[in-house]
Amino acid sequence: MSDASEKPVENHVFEADVARLLHLMVHSVYSDKDVFLRELISNAADACEKLRYEAISAPELLGSDPSPRITLSLDAAENRLIVDDNGIGMSRDEMIEALGTIARSGTRAFMERIEAAKAGDGAQLIGQFGVGFYSAFMVASRVDVVSRRAGSEHAWRWSSDGRGSYTVEAVDLADAPARGTRITLQLMDDAKSYTSKWSVERIVKEQSGHVPVPIDLIELPDGEPSRIGDGTALWTRPRNEITKEEYADFYRSVAGHYDEPSLTVHFRAEGRHEYTGLAFVPTAKPYDLFDPTGKGRMKLYVKRVFITDDAELLPRYLRFVRGLVDTSDLPLNVSREMIQESPILTAIRKGLTNRVLTAIEKLAESDKDAFAKLWDAFGPVIKEGIYDDFERRAQLMALARFRTTASGDAHRSLADYVKDMKDAQAAIYYMTGSNLEQLQASPQLEGFRARGIEVLLLTDSIDSFWVTAAPDFEGKPFKSVTQGTSDLAQVPKLDAKETPDAEASATVKDFISFAKTTLADAVSDVRASDRLTESAVCLVAPEHGPDRQLEKMLQGAGRLDSAAKPILEINPDNGLIAAVAASTNEAFRVDAVNLLLDQARILDGDRPADPRAFAERLSRLFSQALKG
Ligand code: ADP
Ligand code: MG
C-alpha cells in the first residue's frame, strides 16, 4: 500500500463565479441556513440514483453492496457533521469540475438575482439554480470531500475553507468510503446545533423526508444507526394515503423549491401505456421562467430508477410544472437519446399534458381565488401555448383570463367577454401595451368606453403574438383598437343625449385635408375619428399588418426594417380642433398639425419624431400666446 504523505497536494483556485458565490453565501445573512443539509442530501441521493442507472448496464459496479444509503454522522465532541453516501462517487477530474466551477449558463444573471434578493429569498434561489454544494460553507469553516468512484481503485480528497482556493490529493483506499462520497463539515461555532440528533432529525424529516434513498443517522463515537428516512417512492403509494404535508415535502425535494405547490396532480394511467405521474404547479415563479434556454424539469423514472430530467415530458408552455413520471413501459436500459423519439414518450407527454390542463381547468371552476393567483404567476407562460400548440388552442383560449376595461381588478374569460358583447359588435377588441395604467389611459379607448364596449387590456409580451395567430374565439375575430377603422359607428353611444356624430363640419374637413398634405411624410392618412370622445388626436395602425404595439416590439428586436406609416385620427368634436381649424394663419396651422402629431406620439408612449423641431414649435406657440 502506498503512503498518502508521498502524494502531492494540488492547489487550485476557484473559478471567479464560484468565488463570488461563496462570498455571497458566507456574507449574506440567509435566514434559513438549514437548507445546506437538504442540498447535501439531495446530491447524495442523486449520486445513488446515478449509480442505480449505470448499474443497469454494468451490474458489477454494485459489488457486494447493492442497496443505496445515505448516512449522517454527528460528532458533537469535534463539532463535525459527516454526510456519507454509497452512490456513484467522483473521480479526481469530476471533483475539480463539479466542486470548482459552475457548469451552468446564466450564472451571472443568477448572481445578480441572489445579490438583489432579500434575506431568505436568496436561499430559495440556491436549490433552483443547482449550486447546492457550496451552501455547505454557510455553516462550515472547512469542508472535506473524500470520494471513490464506483469501480475505481483510486480515492481523492477535496478540501477547502471556501476562501478562494481548494486542494485535491490522492488518499489511501483505507481512508475512503468503499464506494461513493463522504463530506465532512467542520462546523462554525454558531452552527453547533447540526450535531444535535434531535434538530438534525427534525430538519431531515421536514426537508428531505421523501428522497428516494433511505437515510440513517448515527451519533459518534458509538451510537447505533437509526433510520430517519425510509426512501420509499412516495408516488407509488395510493393517493388517499398521502397527506398534504407529505406532498408538499416531496414537491420541495423534487423541485428544489421552497414554497408550497399551488396544485398537485397525482395519477396512475392504465391501459395501453402504464405510468404514474406526480406533477406540481409551484406558487412562486421559478427564477428562470422566462429564460429562453430554460427547460422543463420533469423527471423521468423507469420502474423507480431515475433516468433523466432532460426528456421533454411537457410542452414548453408548461415548463413551470415540476415533478416526475415513472413508467414500466420503457426498457430500463433505454438510452437518453432514444427517449425523445420513443412513441411511448409521445403518448406520456400527451396524457400528462391533458392531466395537468384538466386539473388547472378544474381549479378555475372550484376555487376562483386560487386559480387567479396561479394565472397571475403562470398565465403569461400558458398563453404561449395559444401561439405554439395549435391542437390545444381552443382549450387554452378558454382557460385564459384577462384584465379588461370592464373587469377592474378581476379576471375575465373570453366566454365572459363574448356573452356580454353589444348586439351590433362584431369583434373581440383588444389593446396591447407594456403597462396596465398606460393602457387604461389611452385615448384610443374613449369611443369604446362611450359605447360600453369591453376591451381586453393585454400587457404580456406574448399577447401581441397570439392575438395575431388566434383566428377567432367562438367565431368572433380579434381586433386591435389601435388598428384600422374601428367600425364603432354601428354601436350607439350609451349617453343618449350625445347623438351620433353629425358629419364633421366643412372647416374641420378642410383642416383634415390640410393636415394630410402637411404630414404626408409622417403619416399615411389623416381622418376623423369615432374612437375619440375627449382627446383631440390619436394614432392608429393601418388595417392590415401588425398593430402599433407589435410593430414597436418587432422594431425593437430588429425584426422589422421599416414600420408602416401610422394613421392620425382627429376628433372633430374636440373644441381645440374646431378652434385651430378656424385659424387662417398658415404658419400657425403648420405648427399646430405637427404638434398634434407629436402629442399623439407622446400619448402612445413614444417620443416626438424630431425633438428639436418639437421644442421650437412649442416655443413659438408660447411666445405667440404671450404676445396675444
Ligand atoms: P447540482 O446538484 O444541481 O448539480 P450542486 O452544487 O449541488 O449542483 O452539486 C454540484 C455537482 O457536484 C453535482 O452535479 C455532482 O456532480 C457533484 N456532487 C456533489 N455531491 C456529490 C455526491 N455526494 N456524490 C457525487 N457527486 C456529487
Ligand atoms: Mg445539488
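Give me a count of the residues in the range 265-310 that are in contact with a helix residue (DSSP H, G or I) (Cβ under 8 Å, 6 or more places away or on another chain), assigned to a loop (DSSP other than H, G, I, E, B) and hydroxyl-bearing (Ser, Thr, Tyr).
Number of matching residues: 2.
Output the residues belonging to the range 527-550 that are touching a helix residue (DSSP H, G or I) at 6+ places or on another chain (Cβ under 9 Å), of a type in the set (Asp, Glu) and under 16 Å from residue 464 (Cα atoms).
547
Taking the residues in the range 229-264 that are assigned to a loop (DSSP other than H, G, I, E, B) and small (Gly, Ala, Ser) as candidates, determine which candidate is modelled with the lowest pLDDT.
256
It is to be established whether one or more residues within the range 557-574 are among the small types (Gly, Ala, Ser), more than 18 Å from residue 484 (Cα to Cα) and more than 42 Å from the chain's Cα centre (by Cα).
no
Within the range 125-139, can you find the residues that are over 12 Å from residue 25 (Cα atoms), out of contact with any His (no Cβ under 7 Å at 6 or more places or on another chain) and either away from ligand 1 (no atom under 16 Å from the Cβ) or at pLDDT 65 or above (or both)?
129, the sole residue that qualifies.
For residue 596, work out the one condition from (1) surrounded by fewer than 14 Cβ atoms within 10 Å (Cβ to Cβ); (2) closer than 17 Å to residue 532 by Cβ it doesn't fulfil.
(1)
From (1) more than 16 Å from ligand 1 (Cβ to nearest atom); (2) touching a residue at least 24 places away in the same chain (Cβ under 8 Å); (3) closer than 22 Å to residue 53 by Cα, pick out the condition that doesn't hold for residue 338.
Single failed check for residue 338: (2).
Among the residues that make up the range 431-440, is at least one of them surrounded by fewer than 16 Cβ atoms within 10 Å (Cβ to Cβ), within 24 Å of the chain's Cα centre (by Cα) and not in a loop (DSSP other than H, G, I, E, B)? I'd like the intermediate steps shown before the answer.
Restricting attention to the range 431-440, the residues satisfying the condition of being surrounded by fewer than 16 Cβ atoms within 10 Å (Cβ to Cβ) are 434-438, 440.
Retained after the next criterion (residues that are within 24 Å of the chain's Cα centre (by Cα)): 434-437.
In the following step, the residues that additionally are not in a loop (DSSP other than H, G, I, E, B) were identified as 436-437.
Yes.
Just the residues that are under 34 Å from the mean Cα position of the chain (by Cα), modelled with pLDDT of 95 or more and either away from ligand 1 (no atom under 15 Å from the Cβ) or not assigned by TED's automatic domain parsing to the domain that holds residue 111 (or both), please, taken from the range 17-68.
none
What are the residue pairs meeting all of these: first residue in the range 219-242, first residue free of Cβ contacts under 8 Å to residues at least 24 places away in the same chain, second residue outside any helix (DSSP H, G or I) and surrounded by 13 or more Cβ atoms within 10 Å (Cβ to Cβ), Cβ atoms under 7 Å, and 6 or more apart or on different chains?
Listed by first residue and then by second, the contacts come to 226/216; 226/217; 227/214; 227/216; 230/214.
Being within 16 Å of ligand 1 (Cβ to nearest atom) and within 15 Å of the chain's Cα centre (by Cα) is the filter here; which residues of the range 254-290 pass it?
Listed by number, the residues that qualify are 255, 256, 257, 286, 287, 288.
Could you list, in sequence order, the residues of the range 204-228 that are buried (at least 18 other Cβ atoms within 10 Å of the Cβ), within 35 Å of the chain's Cα centre (by Cα) and not in a loop (DSSP other than H, G, I, E, B)?
204, 207, 208, 215, 228
Among the residues of the range 40-93, which ones are within 16 Å of ligand 2 (Cβ to nearest atom) and at positive phi?
Result: 89, single match.
Limited to the range 81-96, what total is found for residues that are surrounded by fewer than 20 Cβ atoms within 10 Å (Cβ to Cβ) and more than 7 Å from ligand 1 (Cβ to nearest atom)?
Within the range 81-96, residues that are surrounded by fewer than 20 Cβ atoms within 10 Å (Cβ to Cβ) and more than 7 Å from ligand 1 (Cβ to nearest atom) number 5.
Would you check if there is a residue in the range 403-423 being over 29 Å from residue 367 (Cβ atoms) and in a loop (DSSP other than H, G, I, E, B)?
Scanning the range 403-423 turns up at least one residue that is over 29 Å from residue 367 (Cβ atoms) and in a loop (DSSP other than H, G, I, E, B).
Restricting to the range 507-525, give me the number of residues that are over 9 Å from residue 568 (Cβ atoms), hydrophobic (A, V, I, L, M, F, W, C) and outside any helix (DSSP H, G or I).
Total satisfying the criteria: 1.
The values are calculated or read from the model by the stated rules, or taken from the named source; none is laboratory data. As the structure is a computational prediction, the values presented were derived from the model and not from experiment. Every residue, glycine among them, receives a Cβ derived from its backbone with ideal geometry; neighbour counts consider all protein chains shown.
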